[in-house]
Structures are given as C-alpha cells and as structure tokens.
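One structure is given here, and the rest of the page talks about it.
The values are calculated or read from the model by the stated rules, or taken from the named source; none is laboratory data. Note that the structure is predicted; figures quoted are calculated from it, not measured. All Cβ positions, even for glycine, are placed from backbone atoms using ideal geometry, and neighbour counts span all protein chains on display.
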Amino acid sequence: MCAKKAATKKAVRRPRSDASVRKLNAELFDKALRPCQLATPIFTIEFADAQALCWPLEHGIVRIELDAAREYTRSSMLASLAHEMVHQWQHQNGLPTNHGQEFQGWVDRIETKLGVRV
C-alpha cells in the first residue's frame, strides 16, 4: 500500500517576472491595463498588514508592490496581484481607488475566473 504524500503549499517568495501581470491583464482585463511597475520591497510597519499595494505614479502609470518579507503561495500571489490590478483599473479610468461596489464586481469576476479568493 502506498502512503499518500502530504500536500504542501509551494511558497512563491517573489514573482519571477511580470509574466503573471501580463497574463492577468489578458485574462481578466482584456489587455486594457497599461504596463505597471512591479516591485518587491520589504514593507514597513506602517503597511505590515498589507500583502500588496498599488501606488499611482505620473502619466497614469502605477507601481504594484508585493511584500518581499511575505511568503506567497501561487494562488495568494495571483490574488494579491489581481486585487491591486483592480485598483490600477480604477486609477486608469479616473475612479476612486477603493473597495466599493465597482471593486466588488471585479472581485466576483476574478474569483469566478481564477478560482482564488481575492
């Protein structure tokens, strides 16, 4: 009788490239989002509870940051990126970057399409 190997979550420390951002942009936003800066700083205590952040820069560009001190599973990384990309979409379309009704609509679509909790 074979023993089942215990399932382990593979931790993804940092995104290897912005390939995940390009893939999510294509799958979720029909490639409507402008290129963004993707960074992995270590978050300060001020943002200790955040998994990721989206910062508006000049000319409609945003910077999406994933906390380098946090270990992400593939699904938590995709969920964090998708969450911040909704804020990018809000910013790009001149909408308030919040978690209101428009944001929740995106969350429903993302969770259905990707099968991850945002």
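Does residue 69 satisfy being among the hydrophobic types (A, V, I, L, M, F, W, C), at pLDDT below 90 and out of contact with any Asp or Glu (no Cβ under 7 Å at 6 or more places or on another chain)? Answer is yes for this residue.
If I filter region 25-35 down to residues being assigned to a loop (DSSP other than H, G, I, E, B) and in contact (Cβ under 8 Å) with a residue 40 or more places away in the chain, which single residue comes out as surrounded by the most Cβ atoms within 10 Å (Cβ to Cβ)? Among them, the one singled out is 33. Consider residue 104 carefully, then state whether it is surrounded by fewer than 18 Cβ atoms within 10 Å (Cβ to Cβ), at pLDDT 90 or above, farther than 10 Å from residue 24 by Cβ and not β-branched (Val, Ile, Thr). So residue 104 passes the test.
Residue-wise test of (1) modelled with pLDDT of 90 or more; (2) exposed (fewer than 13 other Cβ atoms within 10 Å of the Cβ).
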residue: 21; (1), (2): yes, no
residue: 50; (1), (2): no, no
residue: 64; (1), (2): yes, no
residue: 74; (1), (2): no, no
residue: 93; (1), (2): yes, yes
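Exactly one residue among 75, 80 is out of contact with any strand residue (DSSP E or B) (no Cβ under 9 Å at 6 or more places or on another chain) and of a type in the set (S, T, N, Q), and that residue is 75.
Would you mind stating whether residue 38 is within 20 Å of residue 91 (Cα to Cα), under 13 Å from the mean Cα position of the chain (by Cα) and either of a type in the set (Asp, Glu) or part of a helix (DSSP H, G or I) (or both)? It is false that residue 38 is within 20 Å of residue 91 (Cα to Cα), under 13 Å from the mean Cα position of the chain (by Cα) and either of a type in the set (Asp, Glu) or part of a helix (DSSP H, G or I) (or both).
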